[in-house]
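What follows is a short report on a single structure.
The values are calculated or read from the model by the stated rules, or taken from the named source; none is laboratory data. A quick note: this is a predicted structure, and the numbers were derived from the prediction, not measured. So basically every Cβ, Gly included, is an ideal-geometry build from the backbone, and we count neighbours across all protein chains shown.
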Amino acid sequence: MPRPVIPLSRSRNPFPQEGLARGADEVLRYTGVPATLLDVLRTHVDARPDAEAVVELGGDRLTYAQLWQRAARVAGGLRAAGLARGDRVAVRHPAGANWALAFWGTLLAGGVAVAVNTRSAQPEVEFVLGDAGVKIDLSATTPLPDGDPYVAADLDPTDVAALFYTSGTTGRPKGVPTTHEAFVTNAENLIRCLGVPRDVGPELRTLISVPLFHVTACNSQFMVAAYLGGTSVIMPALDLPQLSEALAAERISFVVTVPAVYSLLLRHPGFAGAQVSGVRWLAYGGAPIAPSLVHALKDAFPRATVINGYGMTETASLITVLPDRDAAEHADSVGYAVPSVDLGVVPFGDDPSTGELVVRGATVTTGYWNRPEATAETIVDGWLHTGDIVRVDDAGRVHIIDRIKDIINRGGENISSVEVEAVLLSAPGVADAAVLAVPDDVMGEKVGAVLYTDRGEIDVAAVVAHCRERLADFKVPQYATVVAEALPRNAGGKLLKNRLREQVCWGAPLR
């Protein structure tokens, strides 16, 4: 028998709820919002064609009219290449104007954009391309398709617009279909939680320093700017001096990044003279944050509303938001449910306020791509099980206290220990391996490997080189220790990682 879900009350939720209606499936949905992302974009193309839509720092600048016209030509090129409605297109350009054109061009063609992690190693890329059944691969090595302008007609809110891939908690990433409705709903949720005025329009200029293949950057920045008719200012790669300069030069009003980047930014010499008076909304998430850093952010950006956002790929980004009023004094909380999302707790014991967090809403995926077993395990009776253990305080705020899934959170990048362990176990001389999080003041956590051999010695440098060939750079272990005894496992063969954490002493980081 599955454990019962205890729904969380919305009585203390501070975010606006008007314009929401609950359907027969018990899911809350907005009324009166655009049906699809193409409707969103077309509105601003018609209303403000000459307003900037996309800016690539050091690259192209596109107005709404230019974005529509060039993306429609990409769509025409895709259709001429044989793309049919619902076919998948890999978007593998670096963050910038071409990424935006590839993404929008795919949607205009009626295709599904597969947001591929550009930091992935080749075997990881090949897995995603094969798993998604990609028909056309738009990579940085080839020009964007070009053809007669094409705009798909009769798209439905429930049509899949994009596939994002999880970090692979079971050793392989899973594709998450994200519908037009989910994108639109997430954008509406965020502007309500931030308190962004409806008429802000071109004044909303968001600086995107998080990779666009992440739902944070794509769904909660890129698409939010499009939703309001604002501007996405895209950094092709994180550069702290450039970020500091762009705040004034690009009239940035909305900033989102992970705590680690804010910590580095505030300590960077170039930030001392940065003009930040235009920043009105500032958000963070993806990793725990120290209260001292929240206070420092409020001091550094005195005009900004500061929020903490928590979400998942499976929920098209946001699940909860900690509002500005609580940001400093309750920095250990992720806040309250966003307007369209229902939360519940599946208690582990007698305390109904502590257990696994489950969610339901129009942003929640209906299932993983071609993974019926994983879907059945994760979505039960309409509730998506997050795998996060939470505590709900007396004010209704959610606090994440543990992770069921053994994930390492490196500066907002989720890393599957299982995936890294699989690569380690294929390295020469490694008989057994365990991957653990190593605490880090800047990144929050880094990857540590415990290696066991029954052959006398392990060449750690060779093992790391082996990993670099098969894993994205941020997944490669930065700490390693070799043990002489077999790793502790239970009767079922599962690693006893709690015991390992108590036993292991990490040395200096690997070079």
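Considered as a group, the residues in the stretch 31-69 that are among the charged types (D, E, K, R) and more than 23 Å from the chain's Cα centre (by Cα) include one that is surrounded by the most Cβ atoms within 10 Å (Cβ to Cβ), and that residue is Glu52. Taking every residue in the stretch 499-511 that is of a type outside the set (S, T, N, Q) and pairing it with any residue that is in a loop (DSSP other than H, G, I, E, B), at least 6 positions away or on another chain, the pairs with Cβ-Cβ distances below 9 Å are Arg499/Pro488; Leu500/Leu487; Leu500/Pro488; Pro509/Gln478; Leu510/Val476; Leu510/Pro477; Leu510/Gln478. For the stretch 113-138, a residue qualifies if it is over 20 Å from Pro236 (Cβ atoms) and without any contact (Cβ under 8 Å) to a residue 40 or more places away in the chain, and the qualifying residues are Gln122, Glu126, Leu129, Gly130. Hey, can you tell me all the residues within the stretch 431-475 that are acidic (Asp, Glu) and either over 20 Å from the mean Cα position of the chain (by Cα) or assigned to a helix (DSSP H, G or I) (or both)? Hits for the stretch 431-475 are Asp432, Asp440, Asp441, Asp454, Glu457, Asp459, Glu469, Asp473. Being out of contact with any Gly (no Cβ under 9 Å at 6 or more places or on another chain) and at pLDDT below 90 is true for just one of Val460, Val420, Val380, Val450. Which residue is that? Just a single option satisfies the conditions, and that option is Val420. Set side by side, the residues Val89, Val125, Val160, Val151 differ, and just one is buried (at least 22 other Cβ atoms within 10 Å of the Cβ) and either among the β-branched types (Val, Ile, Thr) or within 21 Å of Thr178 (Cα to Cα) (or both), which is Val89.
Of all residues in the stretch 139-169, those being assigned to a strand (DSSP E or B) and either outside the structural domain of Thr365 (by TED's automatic domain parsing) or without any contact (Cβ under 8 Å) to a residue 60 or more places away in the chain (or both) number 2.
Yes/no matrix, rows are residues, columns are (1) touching a helix residue (DSSP H, G or I) at 6+ places or on another chain (Cβ under 9 Å); (2) not β-branched (Val, Ile, Thr):
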{"site": "Gly444", "(1), (2)": "yes, yes"}
{"site": "Leu451", "(1), (2)": "yes, yes"}
{"site": "Gly456", "(1), (2)": "no, yes"}
{"site": "Val460", "(1), (2)": "no, no"}
{"site": "Val463", "(1), (2)": "yes, no"}
{"site": "Glu469", "(1), (2)": "yes, yes"}
{"site": "Lys475", "(1), (2)": "yes, yes"}
{"site": "Pro488", "(1), (2)": "yes, yes"}
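Does any residue of the stretch 304-312 turn out to be farther than 23 Å from Ile389 by Cβ, of a type in the set (Phe, Trp, Tyr) and under 21 Å from the mean Cα position of the chain (by Cα)? Checking the stretch 304-312: not a single residue is farther than 23 Å from Ile389 by Cβ, of a type in the set (Phe, Trp, Tyr) and under 21 Å from the mean Cα position of the chain (by Cα). Any residue at all in the stretch 407-418 that is surrounded by fewer than 19 Cβ atoms within 10 Å (Cβ to Cβ), assigned to a helix (DSSP H, G or I), assigned by TED's automatic domain parsing to the domain that holds Asp473 and of a type outside the set (Ser, Thr, Tyr)? Within the stretch 407-418, one or more residues are surrounded by fewer than 19 Cβ atoms within 10 Å (Cβ to Cβ), assigned to a helix (DSSP H, G or I), assigned by TED's automatic domain parsing to the domain that holds Asp473 and of a type outside the set (Ser, Thr, Tyr).
The number of residues in the stretch 393-412 that are among the β-branched types (Val, Ile, Thr) and modelled with pLDDT of 95 or more comes to 1. Taking the conditions (1) in a strand (DSSP E or B); (2) under 23 Å from Gly367 (Cβ atoms); (3) not β-branched (Val, Ile, Thr) in turn, Glu314 satisfies each one other than (1). Checked against the criteria, Glu203 does not count as crowded, with 23+ Cβ neighbours inside 10 Å and over 13 Å from the mean Cα position of the chain (by Cα). When the test is whether a residue is closer than 30 Å to Thr216 by Cα, without any contact (Cβ under 8 Å) to a residue 12 or more places away in the chain and surrounded by fewer than 17 Cβ atoms within 10 Å (Cβ to Cβ), Asp473 does not pass it. Among the residues of the stretch 368-386, just one is of a type outside the set (Val, Ile, Thr), under 11 Å from Glu314 (Cβ atoms) and surrounded by fewer than 18 Cβ atoms within 10 Å (Cβ to Cβ), namely Ala374.
Can you tell me which residues in the stretch 37-79 are among the charged types (D, E, K, R) and over 24 Å from Ala153 (Cβ atoms)? Full working, then the answer.
To start, the set of residues in the stretch 37-79 that are among the charged types (D, E, K, R) comprises 39, 42, 46, 48, 50, 52, 56, 60-61, 70, 73, 79.
Of everything in the stretch 37-79, those that are among the charged types (D, E, K, R) and over 24 Å from Ala153 (Cβ atoms) turn out to be Asp50, Glu52, Glu56, Asp60, Arg61.
Residue count for the stretch 205-229 under the criterion of being assigned to a helix (DSSP H, G or I) and of a type in the set (A, V, I, L, M): the result is 7.
Matching residues to (1) over 22 Å from Val45 (Cβ atoms); (2) among the polar types (S, T, N, Q):
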residue: Val176; (1), (2): yes, no
residue: Glu188; (1), (2): no, no
residue: Cys193; (1), (2): yes, no
residue: Val196; (1), (2): no, no
residue: Ser209; (1), (2): yes, yes
residue: Leu212; (1), (2): no, no
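State yes or no: is Ser120 modelled with pLDDT under 95, surrounded by 20 or more Cβ atoms within 10 Å (Cβ to Cβ) and either touching a strand residue (DSSP E or B) at 6+ places or on another chain (Cβ under 7 Å) or in the same structural domain as Thr31 (by TED's automatic domain parsing) (or both)? When the stated conditions are applied, Ser120 passes them.
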